[in-house]
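The values are calculated or read from the model by the stated rules, or taken from the named source; none is laboratory data. Small disclaimer: the values here were computed from a predicted structure and weren't measured. So basically every Cβ, Gly included, is an ideal-geometry build from the backbone, and we count neighbours across all protein chains shown.
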Amino acid sequence: MLRRDFARVVAGGVLGASLAGPAAAAAAVSAAPRRKNTLHHVGGDYHCVQGDHWASKRNIEFHLRHGVKTFHANFGGAESAGQAPRDEWDLDAMKRWRDSCDQGGLFWEGIRMDSRYIYLKPGAERDRKIEAIIGNIQKASQVGVKMITHHWTMIPIRRNGHTPGRGGSSYHSFKLEENWKDLPVGANGVVSSDDYWERITYFLTKVIPVCAQYNVKMAVHPYDPPGLPRGYQGVDNWDGAPVSVLDSLKRYEAIVDSPYNGFQLCLGTCGEGLRDMKTEILPIVRYLAGKGKIHNVHMRNVRGGLHEFQEVYHDEGDMNFIDVIRILRDAGYAGTYLPDHAPTHPDDPGKLQAFTFAFGYIKALIDVANLEVPG
């Protein structure tokens, strides 16, 4: 949604206004009864940290200044600077970080876990990793964290270019290589679709019952980007071609159909695998919201789509976020919208300016969606 559209809606009084754009997009918006939703909210995560640690006073106050009251930490890399990822989380450190958040007024909502599990073939090492994950679920519950997210990256996230952006910024971009079949096989070797889904199935059947026991949701982030051809760098990605993004997500959540098996729904990532993301993203949101499988939302906007795209600022991509928020508003979604990925600029090396803009933009969209509903 363009900024001029946003301004026109707010200036016009909001009620009865539409930001949906073309009739096809408007028709795709959920037909559920409109109702206010005071539970969905903007949040922060590991992409945006002020200072040297996410639980520091400096980072907490930075987020609170911008109306952000929840945070999603990252244990997928180092838990603190200079440390390797830990298979078994440090409960004492987690208690200290929880206390820092409680004292500062920031709610610690979730944890991104290390996802090296997916690299492992059947065997003792894989079982040992599963046991560590089960222990970490218990620890998350002990400190009041009710969500763990993960990102199956058998090959690294793919970007291969930069596009000039507004104000001298730079947009990360990707274009499927004409010679992609000649790219070297990745560090994890050749992985067939059957192998990939076997590992996913084993994980979900072992872990989701434990999540239910400890009331901790598990949320997978789609591979970024979806729709890569089978065999790209040796891997048949779980959300790769020829299966659609929505069908891949349906297959994943159906393996263990539980409210504890859901998604960190990255709108930008899903859009990267669509041909017309403005309309095609809406059935994905509606389906997963209807099943209660959206545990939180990564808000990233992009231009382009399948096999060629650029990551842009939140107000200038091809998706109308207001349409998504309307669906989730009416579905009673009580989760978080997390700004995810942002353009770079030499004056903003930590992307704090870009994320500050995103916080306000998303918060305003939520407010606009609720103001549309009388009462």
> Out of all the residues in the stretch 177-200, which are polar (S, T, N, Q), assigned to a loop (DSSP other than H, G, I, E, B) and surrounded by 14 or more Cβ atoms within 10 Å (Cβ to Cβ)?
Replying inline: 188
> If you check 240, 268, which single one turns out to be at pLDDT 95 or above and of a type in the set (Gly, Ala, Ser)?
Replying inline: 268
>> Condition first: under 20 Å from the mean Cα position of the chain (by Cα), more than 18 Å from residue 117 (Cβ to Cβ) and of a type in the set (Gly, Ala, Ser). Now tell me which residues in the stretch 206-232 satisfy that.
In response: 227
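Criterion first (surrounded by 15 or more Cβ atoms within 10 Å (Cβ to Cβ) and in contact with a helix residue (DSSP H, G or I) (Cβ under 9 Å, 6 or more places away or on another chain)) does residue 204 satisfy it?
Details: surrounded by 15 or more Cβ atoms within 10 Å (Cβ to Cβ): yes; in contact with a helix residue (DSSP H, G or I) (Cβ under 9 Å, 6 or more places away or on another chain): yes.
Against the criterion (surrounded by 15 or more Cβ atoms within 10 Å (Cβ to Cβ) and in contact with a helix residue (DSSP H, G or I) (Cβ under 9 Å, 6 or more places away or on another chain)), residue 204 qualifies.
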> Hey, any hits in the stretch 101-117 for a residue that's over 27 Å from residue 350 (Cβ atoms) and among the polar types (S, T, N, Q)?
Replying inline: no
>> Of all residues being among the hydrophobic types (A, V, I, L, M, F, W, C) and part of a loop (DSSP other than H, G, I, E, B) in the stretch 146-176, which is surrounded by the most Cβ atoms within 10 Å (Cβ to Cβ)? Just the residue, please.
In response: 154
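Being among the small types (Gly, Ala, Ser), crowded, with 20+ Cβ neighbours inside 10 Å and more than 20 Å from the chain's Cα centre (by Cα) is the filter here, so list the residues in the stretch 53-73 that pass it.
We begin by selecting, within the stretch 53-73, every residue among the small types (Gly, Ala, Ser); these are 55-56, 67, 73.
Next, only the ones that are crowded, with 20+ Cβ neighbours inside 10 Å stay: 55, 73.
Across the stretch 53-73, the qualifying residue is only 55.
Please find, among 249, 228, the residue that is part of a helix (DSSP H, G or I) and aliphatic (A, V, I, L, M).
Values: 228 fails: part of a helix (DSSP H, G or I).
Just a single option satisfies the conditions, and that option is 249.
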>> For the stretch 349-375: of the residues being in contact (Cβ under 8 Å) with a residue 12 or more places away in the chain and among the charged types (D, E, K, R), which is farthest from residue 166 (Cα to Cα)?
In response: 372
>> Checking the condition at pLDDT 95 or above, in contact with a Leu (Cβ under 6 Å, 6 or more places away or on another chain), surrounded by 24 or more Cβ atoms within 10 Å (Cβ to Cβ) and in a helix (DSSP H, G or I), which residue from 362, 284 passes?
In response: 284
>> Given the criterion out of contact with any Cys (no Cβ under 8 Å at 6 or more places or on another chain), within 26 Å of residue 341 (Cβ to Cβ) and aromatic (Phe, Trp, Tyr), identify the matching residue among 223, 202, 214.
In response: 223
